[in-house]
Structure formats: structure tokens, C-alpha cells
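**Student:** A single structure is presented below for examination.
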Amino acid sequence: EESSQFLFEDPAVYGGELSWAVVLFLSLVGFFVQVGLGHVFDITFTSTFPTKYPAFSFTQRLELVQNAVCFLTVCLIGPMYTVAAYDTRLTAESRWEKPSYWGHIALLIHCSNTFYDLYLYVRYFKKGPEMYLHHVLVLCNYLPTLVTGHLSHWAYWDGTVEFTNVFLCYVYIARILGYRDNIYFMIMAAMVLLSFVFIRVVGMGLWLYTWRQDLNGSPEMWARNKNIARHSAFFTTVVLFLLSSYWLIPITKGFLKAIGVIKKKKENNKK
């Protein structure tokens, strides 16, 4: 009953609090929806690329499917996060205590996608520890925010970094399918680099600055906050900022390869 009430509630009167049971139930439902979407994309790729796709290894096919699911997810939640973060930005009280209905819908979808990614990482992929850390921190911060409604603005703002995955997923999909030698791939590679710089590095740096300014100017917001994630949100965003800065290295190299700069350097060295 609480689940249906939340899903069909008037966004204008949304209160921002859910029980743990409802949050976990809806996240689990979202997880299975994304697993189903993965099968749909697998069938779609098979029919669209009847010769090429079946020849790929199982890991390549799974990576294509995962990136397709991620692309669809971030195209949906990116605008929700942006609007929700903008609507809750004006005062310290709204930043620390005001939830947004559509922002919370985005948080639920994001948590479902995080569970989906972790499932694939644990069962099929070998990923570095930083990827597991990133996904676990997302859940540790977003799930309590869904329960209490507090710190919503900060969660939505963190969520805007998902916009970078629109371009990143395209690059991964095009690379696997072998569509690297065209202008669209170069444009998307450039957008990955630019979006990482402005949304992840600059954006998260501003997030950290604004959080500290709020703590200095309105310490009562911390004292009365109900969200246990207040102890981990700043640390999580520092980790996100550092990881994004680190990931700029391979992203920059990838962009230089896409436009042929690195290849030209190697050729010049041979000469």
C-alpha cells in the first residue's frame, strides 16, 4: 500500500519519507526491471547485428547490454536530478531538508541500476576495487536519503554526474561494435572529456565548497538532520571527486586516440 501510494502520489504534496521495507522492495523491483531490459537489449542487438553480435565473446555481449541499460537509465534520471537539485538549491533549509518527488524517483532508479551493476560485477566482470567502493558508497548514501528525505539536494546534485555516462556509454558501445572511425565517435569522446571536467570535477568541487559553507553558516542543519548519511556524504563526494580526477587520465588518452593525436606521435617517433 505504501509503495503504490508513493508511486502515484501528487508530487506537489510529497513528504519525502519512506520505510526501509518500501525502499528495498522498490529497489528490488527496479533491479528485476533492469535485468529484463538487459534481455530485451540482447534480443535487439541479435536482430540488429545478426552476423557481428553472435560472434562477440560472452563478456563483450554482456558489456554491450550493460551499457545500453545504463544509457537508457541515465537519459531518464539525469534530467530528474538536475531539475530536483535546482528546485531545492535556494536556502540552507531546502538544501538539507526539502525532498523532491521526481528527485526521489531518480534516486530509486539509480539504486536499482547500482544493484544491477554490482550483480554483473560480482558474477561476471573483474573490476577494480574503486568500482565496488563507488557503487557501495552510492547505496550507503542514497538509501537513507530515500528513507528520511533529508540531504536530498546533496544527493540529487551528486546524481547529476550521471549525465557524463550518456556520452561514456555511447563511446563504449561504439567501440565494441567497431564504429570508432567516424565523426560521431570523436564528438562523443570530446563530450566525455568535457563533461567529466565540468560536471564531475568542477561540479563536485563546488558541491564540497557549498557543503562546508552551509555547515559554517547554518550549523543547526547538521544538528537536527535525520539522515545517517550526513556522516558519509562529504567523504563520498571527496571519493567521487578524486576518482573522477583520476579517471580523467584514461579518458584524455582515449580522446587523443579518437582524434589520432597519440597515433601521430608514435608514427613521428618511428620516423
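The values are calculated or read from the model by the stated rules, or taken from the named source; none is laboratory data. Please read all numbers here as calculations on a predicted model, not as lab measurements. Positions of Cβ are backbone-derived with ideal geometry, glycine not excepted, and every protein chain shown enters the neighbour counts. Remember, those area values only see protein heavy atoms, side chains included, never the ligands or the DNA or RNA. Shrake-Rupley method; radii C 1.70, N 1.55, O 1.52, S 1.80 Å.
**Student:** List every residue pair whose Cβ atoms sit under 6 Å apart, with the two residues 6 or more apart in sequence or on different chains, where the first one lies in the range 17-39 and is open to solvent by 70 Å² or more (accessible area, probe 1.4 Å) and the second, anywhere, is in a helix (DSSP H, G or I) and aliphatic (A, V, I, L, M).
**Tutor:** Between residues of the range 17-39 that are open to solvent by 70 Å² or more (accessible area, probe 1.4 Å) and residues that are in a helix (DSSP H, G or I) and aliphatic (A, V, I, L, M), the close pairs are W20/V147.
**Student:** A follow-up question, please. Can you tell me which residue is farthest from L107 (Cα to Cα) among those in the range 171-181 that are assigned to a helix (DSSP H, G or I) and open to solvent by less than 70 Å² (accessible area, probe 1.4 Å)?
**Tutor:** Looking at the filtered set, the residue picked out is L177.
**Student:** Oh, and also: Given (1) under 30 Å from D42 (Cβ atoms); (2) crowded, with 16+ Cβ neighbours inside 10 Å, where does Y184 come up short, assuming only one miss?
**Tutor:** Among (1) under 30 Å from D42 (Cβ atoms); (2) crowded, with 16+ Cβ neighbours inside 10 Å, Y184 violates only (2).
**Student:** Still on this model: Based on what the data block shows, is E162 modelled with pLDDT under 90 and part of a helix (DSSP H, G or I)?
**Tutor:** no
**Student:** Looking at (1) exposed (fewer than 14 other Cβ atoms within 10 Å of the Cβ); (2) modelled with pLDDT under 95; (3) under 24 Å from the mean Cα position of the chain (by Cα), find the lone condition where K52 falls short.
**Tutor:** Of the numbered conditions (1) exposed (fewer than 14 other Cβ atoms within 10 Å of the Cβ); (2) modelled with pLDDT under 95; (3) under 24 Å from the mean Cα position of the chain (by Cα), the odd one out for K52 is (3).
**Student:** Could I ask something else about it? Quick check on my filter: what residues within the range 218-263 are closer than 12 Å to M204 by Cα and open to solvent by 50 Å² or more (accessible area, probe 1.4 Å)?
**Tutor:** F234, F235, F241, L242
**Student:** Let me ask something else about it. Would you confirm whether any residue within the range 42-64 is touching a Pro at 6+ places or on another chain (Cβ under 8 Å) and over 22 Å from I105 (Cβ atoms)?
**Tutor:** yes
**Student:** Same structure, new question: Give the residue, chosen from R95, R123, that is among the charged types (D, E, K, R) and under 18 Å from F234 (Cα atoms).
**Tutor:** R95
**Student:** Could you say which residue among H135, H153 is under 18 Å from S245 (Cα atoms) and either open to solvent by less than 20 Å² (accessible area, probe 1.4 Å) or in a loop (DSSP other than H, G, I, E, B) (or both)?
**Tutor:** H135
**Student:** Additional query: Mind counting the residues in the range 65-112 that are farther than 26 Å from S3 by Cβ and hydrophobic (A, V, I, L, M, F, W, C)?
**Tutor:** Of the residues in the range 65-112, 6 are farther than 26 Å from S3 by Cβ and hydrophobic (A, V, I, L, M, F, W, C).
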